[in-house]
Amino acid sequence: MKQLQLIVIAIVVVLCDAILQYFLWYYPAPSGSVVVSDPWLFYKLAIYYSSCFISLCTLPFLLLSLIKKIPQSVTYILLSIVLTIYVFLNHADHEYMRQVGTHYAIEMMNTYQLTSDNVLPLVGRVLSSDVRGSYSALWLGLIPLAMLGLLLGFRKKMTQGFEKLGEKIQNRAAAAARHPHVWMRVARFAPCIIAFAIALGVGGSGVALVFKESAKDPSKIVFNPSRRQLKTAPVFLTMIKETTHISRSSLTPDTARPIIERVQNDWIMRSNGRWKFKSPDDPFAKTYVGEKKTSDFYRPKKIIFVVVESLRGMSLPIFNEAETHHAMPFLESIVDGSAEFLSKNGLHSAYWKHYNTNGQPTIDAFFALHTGLIQHTTQTVASAFPNDKLMALPQYLKSHGYETSIFIGGDATLDSQAIWGNRWYDKMDYYIEWDDRLVFNGALDEIVGDDGANLDKSQFSVAWLITNHVDWTLPSDLGVDQSGKTLVEKMYQTMAFDDDELRKFITTLDEKGVFKDAIVVITGDHGYDLGEYEVEKSQVAGLEACRRNVTWIPLVMISNREDMPRGEQLTTASHSDVAPTILSALDIYDDNVFTGHDLWTTNRRITINTKYGNSMIETNDFTAVFSDPVDRLYSTHDYMQRSNVASSHPDVLKELRRLVDDYCAIVDYAYERGMF
């Protein structure tokens, strides 16, 4: 009967896991947005997959129980501990998924290092403000420990109970049979047979599913990568998947060559005709063959970037007409040209209405904006490819006489920004207080210098803001009570705070005379999913959705240059286009590997955003979103992405799928082979 006892442990663990799973699928994310729209569909599959895994874990202990030399208590206690660890890790994985929208990811965990000074305060704020209940994630984490205590505390009583039950079954079998000794043997082994049948039946069905899906595509480990199955897979299996996909490009130089040719031809077609590729085997390495500006061309002394955290194009009325709240009036005055400092200094602005990030979270956007590259489809470049050269905009500018500096809000060690910032810039500073006033002040001090000492220097300076980060908390010294505010209301408050600090920053630069000799870029790092889309039954919300609420951000440029466009620009653009634009504006045409294009001289660009196997590609006419099992196609001018026109434009969808697959395959190949 001891085998059935182990099965009872497995059943108790399944029930415990089912309770914890309920708190994942039937409750909103900590921010209040939905995790999935059809909880039952996900919940039942999650319980099934978890039961399969628990059954497979139980099998080795069933085999150990057949060895008479091993005490029954050993197998009982070991199985209880192993399954408790599994349930606890599964719960931790679920809580991570509620916040981030995906399972544990090795590269993500490497990126957001727990040694960072700022991780624990952020985690504390998220846990304490959880809409499911303050610190509910921690309280629920006690359930597996209580289960273990229950199993160990009742071990002796359970053992005695099963022994008595076994004796009764054998005695009744013997009394009712014509051949008692035969039936006693059957009765003795029946519980063992039943236990193995349950474990093999449940666990084996899960194994069969794995082989069935792997047969469709051998590169897919664990489950077919439909988001439903990936979301519901047990944590250990997703960890196995992560470790087997450290390098996933299957291309060789021979198989890559025809794809490289297609990508290079497409890039040239979209360019201004001034570049040529160096080799058919090096995807993006190119050299300039066009005319340069005249010898007396004057480069502006100041190149200034302001990058606002989570600045959604969807939340700015001048970009999205459906938005009615004017949280950033000063930024709007720059966009519409009414800001006083523009006319005072003979400046004009240009803004790209169809501008998207190439990656999220912040570290992906950080890399795309600096390197002019599309990001890897499954890995975080910052931590996955530390040995790649990865030349960035400040390095090009340094080689042409510019001093470079970046000031980052938040702990830059959190996601490896500090490592690359120190590699790329002459000076890097960061402020763990998450107060953008400090960021702007740091940038001002560097741009102006003591008593204006730096005003005549050629400088590239970046203010990378943080206050508009989820959970949208204002600096405490402002004395603003945000209790009772909805998430959106809090976001409007931090947007307004950043807008006012931007106004002060611009005003000071104006007073110092900086704008007569400058190019200014204002953008966001990425957007954020606030539940704008009613996700379908097999879909989930989150960073990896690649929908417009996550990818759509503003881009504004300010200059007195006559060759810079003016006003609204309706051609698609992205972070990967900014570095080549700035260098071209400065008449710097060093050899490079940019995947982006110059925004001032090209108009047939594409935008590509990828995250965890999902992708988005945008042209001037259409935006395609590829996420299993539903592929979507929208008009690029359908800003809220409400009308899926995939069925009426199948050829367009097919061509965009080919294009995004080609680019992503070659970008991954180039990262993994150190070609960047």
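In this structure, Trp420 does not satisfy being more than 30 Å from Ser627 (Cα to Cα) and touching a Pro at 6+ places or on another chain (Cβ under 7 Å).
Results for (1) in contact (Cβ under 8 Å) with a residue 40 or more places away in the chain; (2) more than 30 Å from Asp435 (Cβ to Cβ), shown as yes or no for each residue.
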position: Ile268; (1), (2): no, yes
position: Lys276; (1), (2): no, yes
position: Asp281; (1), (2): no, yes
position: Lys286; (1), (2): yes, yes
position: Pro317; (1), (2): no, no
position: Glu323; (1), (2): no, no
position: Ser333; (1), (2): no, no
position: Asp336; (1), (2): no, no
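So, in segment 65-111, exactly how many residues are among the small types (Gly, Ala, Ser), open to solvent by 30 Å² or more (accessible area, probe 1.4 Å) and modelled with pLDDT under 80? Qualifying residue count for the region: 0. One residue alone among Asp591, Asp668 is modelled with pLDDT of 95 or more and acidic (Asp, Glu), and that residue is Asp591.
In the set (1) crowded, with 21+ Cβ neighbours inside 10 Å; (2) more than 19 Å from Asp436 (Cα to Cα); (3) without any contact (Cβ under 8 Å) to a residue 60 or more places away in the chain, Thr494 fails one condition alone, (2).
Give me the residue from segment 39-89 that is among the charged types (D, E, K, R) and not in a helix (DSSP H, G or I) and, out of that set, nearest to Val202 (Cα to Cα). Full working, then the answer.
The first filter runs over segment 39-89 and keeps only residues among the charged types (D, E, K, R), leaving 44, 68-69.
Subset that is not in a helix (DSSP H, G or I): 68-69.
Details: Lys68: 26, Lys69: 28 Å.
So the residue we want is Lys68.
Of all positions in segment 285-297, none carries a residue that is in contact with a helix residue (DSSP H, G or I) (Cβ under 9 Å, 6 or more places away or on another chain), surrounded by 15 or more Cβ atoms within 10 Å (Cβ to Cβ) and among the aromatic types (Phe, Trp, Tyr). Taking the criterion of being at positive phi and either open to solvent by 30 Å² or more (accessible area, probe 1.4 Å) or more than 28 Å from the chain's Cα centre (by Cα) (or both), the residues of segment 437-477 that qualify are Gly449, Asp451, Gly452. Given the criteria in contact with a Pro (Cβ under 8 Å, 6 or more places away or on another chain) and either touching a residue at least 24 places away in the same chain (Cβ under 8 Å) or buried (at least 21 other Cβ atoms within 10 Å of the Cβ) (or both), does Ile406 qualify? Criteria met by Ile406. Only helices (runs of 4 or more DSSP H) whose full extent lies in segment 372-426 are considered here, and the ones with at least 1 residues that are among the basic types (Lys, Arg) are 393-398, 417-424. Residues in segment 557-582 that are open to solvent by 10 Å² or more (accessible area, probe 1.4 Å) and of a type in the set (Asp, Glu): Glu562, Asp563, Glu568.
Reported count of residues in segment 638-676, each being under 17 Å from Arg262 (Cβ atoms) and of a type in the set (Lys, Arg), is 3. You will find that of Gln229, Gln264, the residue that is modelled with pLDDT of 65 or more and not small (Gly, Ala, Ser) is Gln264 and no other. In this structure, does Leu138 turn out to be modelled with pLDDT of 60 or more, of a type outside the set (Ser, Thr, Tyr) and surrounded by 14 or more Cβ atoms within 10 Å (Cβ to Cβ)? Considered against the rule, which asks whether it is modelled with pLDDT of 60 or more, of a type outside the set (Ser, Thr, Tyr) and surrounded by 14 or more Cβ atoms within 10 Å (Cβ to Cβ), Leu138 comes out as no. Scanning segment 340-361 for residues that are out of contact with any Leu (no Cβ under 9 Å at 6 or more places or on another chain) and either buried (at least 20 other Cβ atoms within 10 Å of the Cβ) or of a type outside the set (Asp, Glu) (or both) gives Leu342, Ser343, Lys344, Asn345, Gly346, Leu347, Asn356, Gly359. For segment 381-395, indicate whether the set of residues that are of a type in the set (Gly, Ala, Ser), surrounded by 24 or more Cβ atoms within 10 Å (Cβ to Cβ) and under 27 Å from Glu618 (Cβ atoms) is non-empty. No.
When Ser635 is evaluated against the numbered criteria (1) under 20 Å from Leu373 (Cβ atoms); (2) hydroxyl-bearing (Ser, Thr, Tyr); (3) out of contact with any helix residue (DSSP H, G or I) (no Cβ under 9 Å at 6 or more places or on another chain), which criterion, by number, is the only one it fails? Result: Ser635 fails condition (1) only. The single condition among (1) farther than 27 Å from Ala579 by Cα; (2) open to solvent by 50 Å² or more (accessible area, probe 1.4 Å); (3) not in a helix (DSSP H, G or I) that Gln482 does not satisfy is (2).
Kindly indicate the residue of segment 497-508 that is over 22 Å from Ala412 (Cβ atoms) and of a type outside the set (Val, Ile, Thr) and also least open to solvent (accessible area, probe 1.4 Å) among those meeting that condition.
The qualifying residue least open to solvent (accessible area, probe 1.4 Å) is Asp499.
Identify, please: which residue in segment 585-594 is open to solvent by less than 10 Å² (accessible area, probe 1.4 Å) and either of a type in the set (Ser, Thr, Tyr) or assigned to a loop (DSSP other than H, G, I, E, B) (or both) and is, among those, nearest to His400 (Cα to Cα)? By that ranking, first place goes to Ile588. Against the conditions (1) in contact with a strand residue (DSSP E or B) (Cβ under 6 Å, 6 or more places away or on another chain); (2) in a loop (DSSP other than H, G, I, E, B); (3) farther than 21 Å from Ile374 by Cβ, Asp498 satisfies every one except (2). Just to be sure I understand, how many residues within segment 260-283 are assigned to a strand (DSSP E or B), farther than 21 Å from Leu586 by Cβ and open to solvent by less than 70 Å² (accessible area, probe 1.4 Å)? Looking only at that region, the number is 4.
The values are calculated or read from the model by the stated rules, or taken from the named source; none is laboratory data. These numbers come from a predicted model, not from an experiment. Every residue, glycine as well, gets a Cβ built from its backbone with ideal geometry; the counts of neighbours run over all protein chains shown. Accessible surface is based on the protein model in full, side chains and every heavy atom, while ligands, DNA and RNA are left aside. Shrake-Rupley method; radii C 1.70, N 1.55, O 1.52, S 1.80 Å.
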